[in-house]
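Reviewing the structure listed below.
The values are calculated or read from the model by the stated rules, or taken from the named source; none is laboratory data. Every value quoted in this text rests on a predicted model; they were computed, and no experiment measured them. Please note: Cβ atoms are built from the backbone with ideal geometry, for glycine as well, and neighbour counts cover all protein chains shown.
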Amino acid sequence: MAAADTDLRVFEDLHTLSAAAAQAFVETAREAVEERGRFVVALAGGETPKELYRVLANEHADDLPWQHVHWFWSDERFVGPDDPESNVGMARECLGPLALPERCWHPPDTSLPSPEETAERYERELPPFLPMDVVLLGLGEDGHIASLFPGSPALEEKERLVVAVRDAPKPPPLRITMTLPAIHRSRAVHFLVSGSRKRDALTRTLRVEAPPLPASRIQPAGGRVTWWVDRSATP
Ligand code: 6PG
């Protein structure tokens, strides 16, 4: 069984999942801004979170002082922001209608010569924003999270907050990723999982196998892990 502090929320489909996750995002962000003057979030990449980001921008534009939200990424492919593979480009496009000031965005600088240099610079930018309020994560079909893949050295990193990945099994191979220590420097982690392709990974993650899949190893300091899943992804 999953850890006691795991909250599994099942929705009919990605649309209803995204709407509910967006509402929770806004409520959490509003509380953070009232209590601490800002809300720090690390965004997930890939396809699943796109609808959530669009719902935030198009249906919640007036629900939050968005200028107090600071946007990081839990991982990024080592490509330019205009590349169709860019997680930064995807999120900034989906969230574009919010017309946020540049100071809110904290993308990894993939214009540097190597993913190692990008990771080192990103790692220096993160500490003033820790603990993050929320880390959003997707779930890979192999149970990976961000760019932390089963069996990878990056998954076992105990000190660094951001590292380079050169052999990601999910293309493109060159990436930078927050590590477990970084992801755990958060008040809450929210997983977004949709589609029958993810059913096996979700089942194995919640069952907590030996050795555990990367997604099973998530334990944020704040203790809360919430799974936003649709019916097709559930066992
Ligand atoms: C990436 C993501 C990755 C993603 C999962 C799920 O850069 O590819 O960070 O970890 O979240 O692979 O991807 P989908 O949502 O596209 O299924």
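Structure values in brief
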item	result
Count of residues meeting criterion [within 16 Å of the ligand (Cβ to nearest atom) and either assigned to a helix (DSSP H, G or I) or among the hydroxyl-bearing types (Ser, Thr, Tyr) (or both)] in segment 77-99	9
Checklist (1) of a type outside the set (Lys, Arg); (2) part of a helix (DSSP H, G or I); (3) more than 14 Å from the ligand (Cβ to nearest atom) applied to Ala215, failing item	(3)
Residues of segment 141-163 that turn out to be within 11 Å of the ligand (Cβ to nearest atom), on the phi < 0 side of the Ramachandran plot and buried (at least 24 other Cβ atoms within 10 Å of the Cβ), as a count	4
Meets criteria (within 16 Å of the ligand (Cβ to nearest atom) and over 19 Å from His190 (Cβ atoms)) for Pro108	yes
Pair list, Cβ < 7 Å and 6+ apart or interchain, from segment 89-102 residues that are without any contact (Cβ under 8 Å) to a residue 24 or more places away in the chain to residues that are surrounded by fewer than 12 Cβ atoms within 10 Å (Cβ to Cβ)	Gly89/Asp82
Among residues of segment 149-199, those that are out of contact with any strand residue (DSSP E or B) (no Cβ under 6 Å at 6 or more places or on another chain) and part of a strand (DSSP E or B), counted	1
Unique residue being in contact with a Lys or Arg (Cβ under 9 Å, 6 or more places away or on another chain) and touching a residue at least 60 places away in the same chain (Cβ under 8 Å) when the list is Leu126, Leu192, Leu139	Leu139
Those residues of segment 35-76 which are farther than 22 Å from Phe129 by Cβ and within 16 Å of the ligand (Cβ to nearest atom), in sequence order	Gly46, Glu47, Thr48, Lys50, Glu51, Arg54, Val55
Matching residues, segment 137-167, being of a type in the set (Gly, Ala, Ser) and either under 18 Å from Leu126 (Cα atoms) or more than 18 Å from the chain's Cα centre (by Cα) (or both)	Ala146, Ser147, Gly151, Ser152, Ala154, Ala164
Within segment 111-140, considering residues that are closer than 20 Å to Trp71 by Cβ, within 16 Å of the ligand (Cβ to nearest atom) and not β-branched (Val, Ile, Thr), the one surrounded by the fewest Cβ atoms within 10 Å (Cβ to Cβ)	Gly138
Of the criteria (1) at pLDDT 95 or above; (2) over 16 Å from the mean Cα position of the chain (by Cα), which one Leu206 fails	(1)
